[in-house]
Each structure stands twice: as structure tokens, then as C-alpha cells.
Amino acid sequence: MEQISIFDIFKTGVGPSSSHTLGPWKAALEFTDMLKNNKVLSVEVELYGSLSKTGKGHGTDVAVIMGLQGFDPETVDTNKIPDYIEKVNKSNQLFIDNQYIFFNPSEDIIYREYPLPYHPNALTFRSLLSDNSIISETYYSVGGGFIVKEADKKQTKTYKDLPYPINTERDLDKYIDSTKLSISEIVFENELQFNSKELIRKKILELWDTMLDCIYQGCCKSGTLPGGLNVKRKAKHFSAGLLNNIETKDREEWIKAVKACEPTFNNINKWISCFAIAVNEENASMGRIVTSPTNGASGVIPAVLMYHYCFGNYKGENDIIEFFLTAGEIASLFKKGATISGAMGGCQAEIGVSSAMAAAGLADINGGTPDQVLEAAEIAMEHHLGLTCDPVGGLVQVPCIERNAMGAIKAVTASNLALSINPENAVVNLDTVIKTMWETAKDMNIKYKETSEGGLAINIPVLPNC
């Protein structure tokens, strides 16, 4: 099994999709490195399977153009992306490795609806050099922004020795029993093999700051989301109503106002939904988000953690650290035992996994035992089994945005249930639900796996320009 850091799970990037935007973007960056010190005459990109079927709606074409020109999804000014794309479309030129190359996006990005055998999200880059040789490479975007190169599929990787190698819940249980450490403490010891204590803390708090900013930005913007479905932004309206339309000048003042809200059940429920929707409206607009574990499900973790931060028993930054460590390990278990790719497993692999992550993290920082934390993750996923991925118009708007709100609410409920019961009496454990999720994914009809060929995607009228 591969070793996965929590910083492989949580990544700062650009919406709207980790598998269809972030993964292809990273693949394009990697391919561009192969072109260095060569005189390049042309480049073409072939998109296969799900990348072809929903690529335009998910920004795959934009991602490969940005990546080929060397823009980093972690640092690029997201407000300037439309200008960069417009320049390429008007000039039919890419700027690669200090040279301008003819590139017509309508001809040089080729859509192949059939999948390649290894994974439904595949793309091939091909470049003609001045000596008439060709550099070509195929990549697979396997979910959560992870990419696999064709040449690396069967290679044996060399891994660091971790003090607590974890592939299953059973492994985790063994270490908990032998060390008496909490889940977050065990994960932290593993993370020390990748980063220093200070850097782990710094990187987690930076991720949380990005999430906070994303929530705030989403709650400040009105208008219509891009893509042609004419979906109106909702988060600003929700936030303003809950705050009785009071004006706030910056993020900190807005958060202070949120915390001052009357903490009734209805208000808290609405705020959780508002937080999740705000993030995913930013995601749908190619804004800056944190993949957790995917872009399409990036609103669940921030919403649940923001709920704890504003209305829960927040005890300080250690809560943030422990939450991320625990939630990251839950995602790792699902990636190793099943999938976090909507194109492989439907939305149960995205919203379901993010809800399980959030439930576990919340149970941990609310004082749950390790068994209760794992039970919280199990409960959350158990009630997402079979959830399909059927984006209308190939966009991450309907039903994806509201689905994040529902996943966040389920996470809070799962955490509360787990903290109220004795896990020894549980009938289903996390390993079992991960196995079941993977079996369900394999049985699921391909039309429900991010192809926009089934479910709501074919029963909702789509405007011609989608």
C-alpha cells in the first residue's frame, strides 16, 4: 500500500474538480517539465472517458492550458484565469518554456469518450519537437488531485519506514491498543517522517486559514455561477439573513458576528449549510479551495470545522490540528481500501468520504474515544452508500453544492450518534463499510460515475451553452 500524508489528502488548489481540474493541471505541469530544453513545434492533448464527457463543465480544458503554461494551482491568481484563457483562445498560442507554440484549443484538445483500461480519467499529452521526434505521456487522474503516470503503474515504489504503517482500521486498532495513543497522536508520529513538528502545525493552520477565507469569500459574493445553468449564488443571501443584514468590514468582523448569533438548532443548522454552500460556490467558480479529499466535496470539512469553531466547544488551535490529523487518516483508509474518485465510485466516494472524515474529526476534538471516532466515520459513510455522481450539464453545481451541505449535516449527526453509544455494541465497523463502499462502486452503473449520462443529469433540462 502507498504511504499517504495528510498533506496529500488536503491540498490547496483551484476548483471545480480535483480529478477533472487539479489532476489534469498537475499532469500538464509535469509534462511541461519533460519539454524543457527542447524546441517544441506543437502540443496536443487527448482526454478520455469521464474527462472527455464532463471535462468542459469541470474545467479540464482550462486546467491543461494553465498547466502547460506553467501556472501553479496553489499560487495562481484565480481572478486572472479567465484572462489567461481568453488570451490563448484569441492568439491560438501557448507560452511554454519561454517559447510561443501554435495551439488551437478547439482542435488540439481532443475528446475521446471511451475510457482507457486503467482508470476512467485519462489524458495523453503529445508534443512534436523540431527534430521530428515526439514526446508523449499518458496520465491518470485517480481522484483527489492524485495522478499516476502510465510508465509508473507497475513500478515498485520505495517508501519511508513509518512507525505506524496503517492500511486498515484493524491496523489502527492494533496501534491504539499497544500504545494507548489517540488516533491523531498516532497519525502525527507518522507525519513526522515527512515534516517537522513545526512545519506540520504551520501547514495545517495555513490550510485552515484558506478554508476560512473561502467560506468568507463565498458569503460575500452574489450573482450567477458560470457554466450556463444560471444557478444563483445562495450563501451571501443565507449569511445576510442570519446576520439580520448587519454590515461587516472584514473576515474577522464577520466571524465575530457569526459567533454572536443566537445558537438555536435552526440557526446552527442553517449556518452549517451556509458554510458548505459558500465553499462550493467558490469551487464552482474556479476559486481557491482546499481539496478535502476532493474539490467536489471540499465544503464538508470546512463547514463542520467552522461549526465547531463558532458554536462548539472550541478550545484553541490544537482542535484544528487534531481534526486535520484524524480526518486525513480516515480519507487515507478509504483511498487505500476503496476509492476517493467520483469517476470510480460515484459521489459516495466524494461526499461520503468527506462526511466520514468530518464526523471522525469532530468526534475526536469533542472528546471521543478512538473507537467512537472510528464509529463516527463508519456511521457517516454507511448512510452515503450508493450515492451517485450525476452532475447536471457536467458542472459541479447541481446537485453537488447542496450535497456538501447535506454531507456536513450528516457528519455532525454521525459524530453525535457515535459519542452517545458504546462502540462495542456496533454491528458494522469501518473496515466493513469501506469494503462495502468499494463493492458498491464496482457494481454501480457507469452512467452514475461522473459521466452526466444518468440520474439528474439526464432529467434536468440543460441550456444549450452548458
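The values are calculated or read from the model by the stated rules, or taken from the named source; none is laboratory data. These numbers come from a predicted model, not from an experiment. Don't worry about glycine lacking a Cβ; one is built from the backbone with ideal geometry, like all the others, and counts go over all protein chains shown.
Taking into account only those residues within segment 27-61 that are assigned to a helix (DSSP H, G or I), of a type in the set (S, T, N, Q) and under 18 Å from the mean Cα position of the chain (by Cα), which is farthest from I340 (Cα to Cα)? Full working, then the answer.
Taking segment 27-61 as the starting set, the residues that turn out to be assigned to a helix (DSSP H, G or I) are 27-34, 50-53, 60-61.
Checking which are of a type in the set (S, T, N, Q) leaves us with 32, 50, 52, 60.
Subsequent filtering for residues that are under 18 Å from the mean Cα position of the chain (by Cα) retains 50, 60.
On the way: S50: 15, T60: 18 Å.
Selected residue: T60.
Starting from segment 357-379, take each residue that is among the polar types (S, T, N, Q) and list its partners that are buried (at least 24 other Cβ atoms within 10 Å of the Cβ), counting only C-beta distances under 6 angstrom and pairs at least six apart or across chains.
Q372/A363; Q372/A418
If I go through segment 226-273 residue by residue, how many of them are of a type in the set (S, T, N, Q) and more than 16 Å from C310 (Cβ to Cβ)? Steps first, answer last, please.
Our first condition is that a residue be of a type in the set (S, T, N, Q); within segment 226-273, this holds for 230, 239, 244-245, 248, 264, 266-267, 269, 273.
So of that shortlist, the ones also more than 16 Å from C310 (Cβ to Cβ) come out as 230, 244-245.
Residues flagged as of a type in the set (S, T, N, Q) and more than 16 Å from C310 (Cβ to Cβ) within segment 226-273 amount to 3.
Answer yes or no as to whether T32 is crowded, with 21+ Cβ neighbours inside 10 Å and closer than 19 Å to T138 by Cβ. If you could, list the steps in order and put the result at the bottom.
Working: crowded, with 21+ Cβ neighbours inside 10 Å: no; closer than 19 Å to T138 by Cβ: yes.
Criteria not met by T32.
Please go through segment 35-80 and pick out each residue that is basic (K, R) and surrounded by 19 or more Cβ atoms within 10 Å (Cβ to Cβ). Quick ask: steps written out before the conclusion?
Initially, segment 35-80 is screened for residues basic (K, R), giving 36, 39, 53, 56, 80.
Hits for segment 35-80 are K53, K56.
Here is a check on your reading of the model: is G337 within 28 Å of K442 (Cα to Cα) and more than 17 Å from the chain's Cα centre (by Cα)?
Details: within 28 Å of K442 (Cα to Cα): yes; more than 17 Å from the chain's Cα centre (by Cα): yes.
Yes; evaluated as a whole, the condition is true for this residue.
Pairs only if they're at least six apart or on different chains, beta carbon under 6 angstrom, first in segment 224-235 and outside the structural domain of K56 (by TED's automatic domain parsing) and more than 9 Å from L395 (Cβ to Cβ), second assigned to a loop (DSSP other than H, G, I, E, B) and small (G, A, S); list them, first residue then second.
Sorted first by the residue in segment 224-235, then by its partner, the pairs are R233/S222; R233/G223.
Looking at Y314, Y307, which one is of a type in the set (S, T, Y), within 22 Å of K202 (Cβ to Cβ) and surrounded by fewer than 24 Cβ atoms within 10 Å (Cβ to Cβ)? Break it down into steps so the answer makes sense when it comes.
Values: Y307 fails: within 22 Å of K202 (Cβ to Cβ).
Only one candidate passes the filter, namely Y314.
Taking the stated definitions as given, is I289 more than 28 Å from K435 (Cα to Cα), assigned by TED's automatic domain parsing to the domain that holds V433, touching a strand residue (DSSP E or B) at 6+ places or on another chain (Cβ under 8 Å) and modelled with pLDDT of 95 or more? Break it down stepwise before answering.
Numbers: more than 28 Å from K435 (Cα to Cα): yes; assigned by TED's automatic domain parsing to the domain that holds V433: yes; touching a strand residue (DSSP E or B) at 6+ places or on another chain (Cβ under 8 Å): yes; modelled with pLDDT of 95 or more: yes.
Spelling it out, I289 is indeed more than 28 Å from K435 (Cα to Cα), assigned by TED's automatic domain parsing to the domain that holds V433, touching a strand residue (DSSP E or B) at 6+ places or on another chain (Cβ under 8 Å) and modelled with pLDDT of 95 or more.
Scanning for something in contact with a strand residue (DSSP E or B) (Cβ under 7 Å, 6 or more places away or on another chain) and free of Cβ contacts under 8 Å to residues at least 60 places away in the same chain, does segment 124-137 turn up at least one residue? Reasoning before the result, please.
Restricting attention to segment 124-137, the residues satisfying the condition of being in contact with a strand residue (DSSP E or B) (Cβ under 7 Å, 6 or more places away or on another chain) are 124-130, 134-137.
The next check asks that each one be free of Cβ contacts under 8 Å to residues at least 60 places away in the same chain; those that pass are 134, 136.
Looking through segment 124-137, at least one residue is in contact with a strand residue (DSSP E or B) (Cβ under 7 Å, 6 or more places away or on another chain) and free of Cβ contacts under 8 Å to residues at least 60 places away in the same chain.
Looking only at segment 211-223, decide whether some residue is acidic (D, E) and surrounded by 12 or more Cβ atoms within 10 Å (Cβ to Cβ). Walk me through it before giving the result.
From segment 211-223, those acidic (D, E) are 213; that's our starting set.
Right, trim to surrounded by 12 or more Cβ atoms within 10 Å (Cβ to Cβ) and you get 213.
Yes, some residue in segment 211-223 is acidic (D, E) and surrounded by 12 or more Cβ atoms within 10 Å (Cβ to Cβ).
So if I check each of K442, K410, which one is surrounded by fewer than 17 Cβ atoms within 10 Å (Cβ to Cβ) and either at positive phi or in a helix (DSSP H, G or I) (or both)? It would help to see each step written out before you state the result.
Details: K410 fails: surrounded by fewer than 17 Cβ atoms within 10 Å (Cβ to Cβ).
Of K442, K410, the one residue that is surrounded by fewer than 17 Cβ atoms within 10 Å (Cβ to Cβ) and either at positive phi or in a helix (DSSP H, G or I) (or both) is K442.
Of (1) among the hydrophobic types (A, V, I, L, M, F, W, C); (2) surrounded by fewer than 24 Cβ atoms within 10 Å (Cβ to Cβ); (3) under 29 Å from G55 (Cβ atoms), W254 satisfies all except one. Which?
(3)
Quick one: would you say G393 is under 21 Å from the mean Cα position of the chain (by Cα), on the phi > 0 side of the Ramachandran plot and in a helix (DSSP H, G or I)? First the steps, then the outcome.
Values: under 21 Å from the mean Cα position of the chain (by Cα): yes; on the phi > 0 side of the Ramachandran plot: yes; in a helix (DSSP H, G or I): yes.
Spelling it out, G393 is indeed under 21 Å from the mean Cα position of the chain (by Cα), on the phi > 0 side of the Ramachandran plot and in a helix (DSSP H, G or I).
Hey, does segment 196-207 have a residue that's crowded, with 18+ Cβ neighbours inside 10 Å, under 17 Å from G287 (Cβ atoms) and not acidic (D, E)?
Within segment 196-207 (the criterion being crowded, with 18+ Cβ neighbours inside 10 Å, under 17 Å from G287 (Cβ atoms) and not acidic (D, E)), the answer is yes, since at least one residue qualifies.
Is there a residue being more than 28 Å from V398 (Cα to Cα), part of a helix (DSSP H, G or I) and assigned by TED's automatic domain parsing to the domain that holds N425 anywhere in segment 351-358? It would help to see each step written out before you state the result.
Just the residues of segment 351-358 that are more than 28 Å from V398 (Cα to Cα), to begin with: none.
Within segment 351-358 (the criterion being more than 28 Å from V398 (Cα to Cα), part of a helix (DSSP H, G or I) and assigned by TED's automatic domain parsing to the domain that holds N425), the answer is no, since none of the residues qualifies.
Identify, from the list N313, N318, the residue that is polar (S, T, N, Q) and under 23 Å from S5 (Cβ atoms). Walk me through it before giving the result.
Values: N313 fails: under 23 Å from S5 (Cβ atoms).
When all the criteria are applied, what remains is N318.
Take segment 1-26 and flag every residue that is buried (at least 24 other Cβ atoms within 10 Å of the Cβ), out of contact with any strand residue (DSSP E or B) (no Cβ under 7 Å at 6 or more places or on another chain) and in a loop (DSSP other than H, G, I, E, B).
The answer is P16, S17.
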